[in-house]
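The values are calculated or read from the model by the stated rules, or taken from the named source; none is laboratory data. Keep in mind the model is a prediction, meaning the values are calculated, not measured. As a convention, Cβ positions derive from the backbone with ideal geometry for all residues, glycine included, and neighbour counts pool all protein chains shown. Heavy atoms of the whole protein, side chains included, go into the accessibility calculation; ligands, DNA and RNA do not. Shrake-Rupley method; radii C 1.70, N 1.55, O 1.52, S 1.80 Å.
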Amino acid sequence: MTTFPADFTFGAATASYQIEGAATQDGKVPSIWDTFAHTPGAIADGSTGDVACDHYHRMESDLDLLADLGVDAYRFSIAWPRIQAGPGAGVNQAGIDFYSRLVDGLLARGIKPAVTLYHWDLPQWAADLGGWLNRDTAQRFAEYAGLVAAHLGDRVSEWMTINEPWCAAFLGYGNGEHAPGHKSMREAIHAAHFLNLAHGLGVQALRAELPASARCGVVWNLSMLYPATDDPVDEAACQAARALSNDLFTEPVLRGRYDPATVQAAARFTQFDYVGAGDLAIIHQPIDFVGLNYYMTWHLRANGDNPADAQFLGGDGPKTAMGWNVDPQGLTDLLVDVHARYPEMDLVVSENGSAWDDVVSPDGQVHDTARTDYLQRHLAAVADALGKGVPVKGYYAWSLLDNFEWSWGYTKRFGLYRTDYDTQARTLKDSGRWFQQFLATRTL
Ligand code: FCB
């Protein structure tokens with residue numbers, strides 16, 4: 001039996017565009033995800049986030065769902081396009097009021113708010129000015145961060161700047177799967193730098209507004225990579241892939257540099273000529289924790305001489321509805337690895353969960369044993385890391401409820417609660433009931 005420490009934070013997570021809907025209400029301007037989702041062919045089921053889970057109108061009852069689960073904390077994101085209608089615009093009062101009510105509703109229920117400032121819904125006006133290829137976007141992000149902190153900083157103590165900059169850069173600008181849908185590796189690595197810069201400037205802006213006790217961090221989806229065979233060329237391919245997908249973010253933020261291996265792995269795409277003289281010092285702000293989103297692992301096989309051409313193979317074992325392998329050991333390994341490299345950092349599992357082809361049984365319930373199993377085994381993996389001395393401080397289940405899964409639309413369900421998109425009814429799945437019972441004892 002393992003009992004988690006009393007001060008360990010358990011929560012659930014969501015993101016604004018995936019749940020809110022109310023796409024044009026109360027002064028919200030379009031984001032790149034509004035534009036992208038309305039582009040024919042971009043989303044698997046042709047859907048958009050226009051309505052999503054209608055959370056904007058159901059916020060209070062959704063907070064009751066969180067309270068019923070018994071979580072300590074709720075990780076949600078703020079939609080920048082609800083806050084600023086254009087470059088340099090003052091705060092949109094109706095937009096910030098929504099989040100202020102959300103924060104108050106959480107505190108009234110004894111739930112700690114954990115705010116993500118950027119979960120991919122860049123205002124379209126910022127994209128029209130060049131988006132993440134424009135240095136100025138990082139500055140604009142910092143202005144926005146400061147505005148939000150000035151309004152919520154008296155009640156929110158946990159702040160995360162950017163969610164998964166790898167996805168924003170490599171899926172948004174590299175392979176075009178995410179908004180804004182560009183397809184250029186050069187642009188992806190360029191965007192990564194300005195996302196890093198936005199993080200650094202954002203932390204500075206947050207610290208300027210927040211009390212000293214506030215905790216600021218970033219959220220990464222670091223790739224957990226294993227060589228497919230014992231052949232040293234596969235290990236070399238892993239090292240190159242780590243340099244390009246992980247160290248591109250961790251080293252500037254935590255060490256104030258781009259590692260030579262990263263520069264080398266990126267050399268055929270970019271020369272980093274957009275990196276300004278003072279950028280790395282700005283990016284390298286002291287932070288209080290690193291959030292890690294974990295879902296799966298990869299196994300790499302070298303392909304020719306250039307490690308950047310490696311084949312990414314899924315791991316063994318069962319696959320979720322996303323086709324992602326279930327590998328709890330990968331989560332322990334990731335936490336241990338990150339701790340070994342950056343021992344000064346507190347770590348938080350800021351997302352973890354699984355999509356399955358849920359079925360509503362004749363009894364009206366969702367008997368999602370595979371999701372329960374995934375959750376339980378990954379919590380055990382976190383406990384293992386704690387047992388190895390890794391300072392893991394929290395775990396957030398992805399997701400509170402089924403929602404708009406980006407380019408997969410509504411075809412993939414990750415929720416602890418089922419969302420019926422016709423009626424907007426929410427039903428606690430068996431996995432949610434299991435989590436609820438677990439939270440009552442915190443013992444596995
Ligand atoms: C992560 C995202 C989150 C959700 C999960 C399944 O990459 O941060 O919004 O889509 O994957």
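When Ala212 is tested against the conditions (1) without any contact (Cβ under 8 Å) to a residue 40 or more places away in the chain; (2) open to solvent by less than 20 Å² (accessible area, probe 1.4 Å); (3) under 18 Å from Met160 (Cα atoms), the lone failure is (2). Mind telling me which of the residues Gln271, Gln311 ends up being open to solvent by 40 Å² or more (accessible area, probe 1.4 Å), closer than 30 Å to Ala381 by Cβ and of a type in the set (S, T, N, Q)? Sole residue among the options that is open to solvent by 40 Å² or more (accessible area, probe 1.4 Å), closer than 30 Å to Ala381 by Cβ and of a type in the set (S, T, N, Q): Gln311. In this structure, Thr137 does satisfy being among the β-branched types (Val, Ile, Thr), within 28 Å of Ala265 (Cα to Cα) and in a helix (DSSP H, G or I). Screening the candidates Trp120, Trp166, Trp159, Trp132 for the property of being under 22 Å from Gly27 (Cα atoms) and modelled with pLDDT of 95 or more yields one hit, Trp120. Of the residues making up the range 365-380, none is away from the ligand (no atom under 16 Å from the Cβ), free of Cβ contacts under 8 Å to residues at least 40 places away in the same chain, at negative phi and among the polar types (S, T, N, Q). Scanning the range 1-58 for residues that are more than 16 Å from the ligand (Cβ to nearest atom), of a type in the set (Val, Ile, Thr) and part of a loop (DSSP other than H, G, I, E, B) returns Thr2, Thr24, Val29, Thr39, Val51. Counting the residues of the range 142-178 that are buried (at least 24 other Cβ atoms within 10 Å of the Cβ) and among the polar types (S, T, N, Q) gives 2. Among the residues of the range 121-136, some residue qualifies, meaning at least one is aliphatic (A, V, I, L, M), within 16 Å of the ligand (Cβ to nearest atom), closer than 16 Å to Leu201 by Cβ and under 19 Å from the mean Cα position of the chain (by Cα). Within the range 333-354, which residues are in contact with a Gly (Cβ under 9 Å, 6 or more places away or on another chain) and farther than 24 Å from Leu244 by Cβ? Asp346, Val348, Gly353 - these are the residues of the range 333-354 that are in contact with a Gly (Cβ under 9 Å, 6 or more places away or on another chain) and farther than 24 Å from Leu244 by Cβ. A Cβ distance below 8 Å, combined with a sequence gap of six or more or placement on separate chains, defines the contacts here; from the range 64-92, residues that are of a type in the set (Lys, Arg) reach residues that are assigned to a loop (DSSP other than H, G, I, E, B) and surrounded by 19 or more Cβ atoms within 10 Å (Cβ to Cβ) in the pairs Arg75/Thr14; Arg82/Lys28; Arg82/Asn92.
Scanning the range 183-218 for residues that are more than 26 Å from Ala310 (Cα to Cα) and within 16 Å of the ligand (Cβ to nearest atom) turns up His199, Gly217, Val218. One residue alone among Asp384, Asp358, Asp422 is touching a residue at least 24 places away in the same chain (Cβ under 8 Å), away from the ligand (no atom under 16 Å from the Cβ) and of a type in the set (Asp, Glu), and that residue is Asp384.
Here Phe272 meets the list (1) at positive phi; (2) touching a strand residue (DSSP E or B) at 6+ places or on another chain (Cβ under 9 Å) almost entirely, failing just condition (2).
Right, Val348: within 16 Å of the ligand (Cβ to nearest atom), of a type in the set (Val, Ile, Thr) and either within 22 Å of Arg442 (Cβ to Cβ) or modelled with pLDDT under 95 (or both) or not? Judged against the criteria, Val348 is a match. Considering the range 393-412, the residues that are farther than 23 Å from Val115 by Cα, part of a loop (DSSP other than H, G, I, E, B) and within 12 Å of the ligand (Cβ to nearest atom) include one that is most open to solvent (accessible area, probe 1.4 Å), namely Lys412.
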